[in-house]
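All of the numbers you see were taken from the coordinates with simple rules; none came from a lab. The structure displayed is predicted, hence computed values, not measured ones. Here the Cβ positions follow ideal geometry from the backbone for every residue, glycine too, while neighbour counts run over all protein chains shown.
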2 protein chains.
Amino acid sequence: MSYRLTRRQQEIYDYLVENQEEFHHPPTLDELCLALGLSSKGSLHKQIQALINAGLVDPMNNQRRGIRLTQPPGAEGELPMMGYIAAGQPIEAIDHNERMEVPAFLRTGGDCYVLEVRGDSMIDEGILDGDRIVVEHRETACNGEIVVALVDGCEATLKRIEQKRGAVILHPANPNMKPMKYRPGQVQIQGVLVGQMRSYH
Amino acid sequence: MSYRLTRRQQEIYDYLVENQEEFHHPPTLDELCLALGLSSKGSLHKQIQALINAGLVDPMNNQRRGIRLTQPPGAEGELPMMGYIAAGQPIEAIDHNERMEVPAFLRTGGDCYVLEVRGDSMIDEGILDGDRIVVEHRETACNGEIVVALVDGCEATLKRIEQKRGAVILHPANPNMKPMKYRPGQVQIQGVLVGQMRSYH
DNA sequence: ACTGTAAGAGAACAGATTGAAAACATATTT
DNA sequence: AAATATGTTTTCAATCTGTTCTCTTACAGT
């Protein structure tokens, strides 16, 4: 069923996913041509048709309601709940495929998932035991971001990262603990903290 | 069931949602024509009919009560964003009717709304400046719950409550501040904290 | 070089959508 | 009852927008 997309088709699809906010209405072929720098909607139509065949775009049978993706990506509003994270231990995965409702503004366009926090290692960042955090899956991070990092391939931690030439420093937010310095190879970034939720009942 | 709207229909619907405040009575077809720059109510009627079929607008069978939306839009997963709360000040209300997506597990069955936190008065409870809190509207609370309280009829605060015989004590979580003791009449409970959310981007 | 595929331009077409106008029907007011 | 206001229906023309075609160019690979 899932046809293989050509490079250009993939490009157009990515563009649609990225910029679906741009158009507050689904774009027409002409609008998309303009946005993509094409000058013939006939050409674009052929590409879109391929995306329709691939099941990625709603078919529009002569209707004029613009191009819309079949599933507004991240549609179900639910992200996978991957498991528990406790400082200094491997991430404890959950076996059954749990999912969790997450508001749009707590996540990014990227690939996100949810972890539950165990322990108080981030208490000074306002992240408490039992909080749910939303993590964007990424291999790299900017200095100052809070990352889920794997140290020495097994210990997971949630810390603010500082990457220098030849060293990676992880700053815990809890003042009882000290910053730890590692060689870059020791620290593997698994994701970046983008949101947090807490229930009081 | 949810029919797919044409672009114009979307536009009109969006307009209705946006400007429902404008008309303090639901607008008549003629008024809407004027507002939308149309000169024929017959044309508009056809569009509205489509919205009625889509279940977005109340059908009006020859009644003349104007056009009204079926559901105060965003009724499902969204709660009203009421304004800002900063310790020691009145709650700063927001004028336009903003709504915010809130996962089911961050709220209760009761009547809930969202506030944005200003300031660090709850920093030790893990509630930071800029966090969104979910509050259940209630007049009473149990000891130990965190409440939105109105002190002396004007100052709002977010504090852990302790109710004794003849006295109400509000415990701030920030150790720099001290618990305050009030007479029961002075403290009016406006709601109870049930959830909290934070975005890192 | 030859061939096949992907990509794009442009023209022309078909039918969906929109809007104006007028006539009609029903409710509300005078 | 008459007048007015408002919703409903119909007809028609103009325009917009998806669709189909043909032709051209570029590139990759036996």
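What the table shows:
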quantity: Derived scalar couplings ³J(HN,Hα) [segment B:174-188; Karplus, 6.51 cos²θ - 1.76 cosθ + 1.60; whole Hz; x for Gly, Pro]; calculated: 7, x, 6, 10, 9, x, 10, 10, 9, 7, x, x, 6, 9, 10
quantity: Over segment B:143-201, relative contact order from alpha-carbon pairs under 8 Å, at least 6 apart, %; calculated: 35 percent
quantity: Angle in degrees between helix A:41-53 and the longest Cα principal axis of chain A, rounded to the nearest 10; calculated: 60 degrees
quantity: Within straight-line cross-link reach of B:K164, lysines at Cα separation under 22 Å, skipping those fewer than 8 residues along the same chain; calculated: B:K178, B:K181
quantity: Most positive-pole-ward Cα, A:Y182, A:P172, A:F105, against dipole of segment A:78-197 from beta carbon charges; calculated: A:Y182
quantity: For A:188-200, mean number of other protein chain Cβ atoms within 10 Å; calculated: 5
quantity: Low-density loop cleavage sites - trypsin sites (Lys or Arg not before Pro) in segment B:1-47, where at most 14 other Cβ are within 10 Å (DSSP); calculated: B:R4
quantity: Loop GluC sites (Glu not before Pro), segment B:131-201 (other Cβ atoms within 10 Å of the site Cβ: 14 or fewer; DSSP); calculated: B:E139
quantity: Compactness of segment B:1-144 as Cα Rg over 2.2 N^0.38 Å, two decimals; calculated: 1.37
quantity: Copy-to-copy label separations for A:F105, where each label sits 7 Å from Cα toward Cβ, in nm and ascending; calculated: 2.2
quantity: Cβ-vector label at 7 Å, B:Q63, separations to other copies in nm; calculated: 2.9
quantity: Eligible aspartates and glutamates near A:K159 by straight Cα distance, threshold 14 Å, same-chain separation 8 or greater; calculated: A:D120, A:D124, A:E125, A:E145
quantity: Straight-distance crosslink candidates among aspartates and glutamates, where the alpha carbon sits under 18 Å from A:K46 and sequence neighbours closer than 8 are dropped; calculated: A:E11, A:D14, A:D30, A:E31, A:D58
quantity: Rounded, prolate or oblate (a/c below 1.5 giving rounded, otherwise prolate when a/b exceeds b/c) for segment A:1-73 by Cα gyration tensor; calculated: rounded
quantity: Relative contact order %, chain B, counting alpha carbon pairs below 8 Å whose residues are six or more apart; calculated: 16 percent
quantity: For segment B:121-176: rounded, prolate or oblate by the Cα gyration tensor [a/c cutoff 1.5]; calculated: prolate
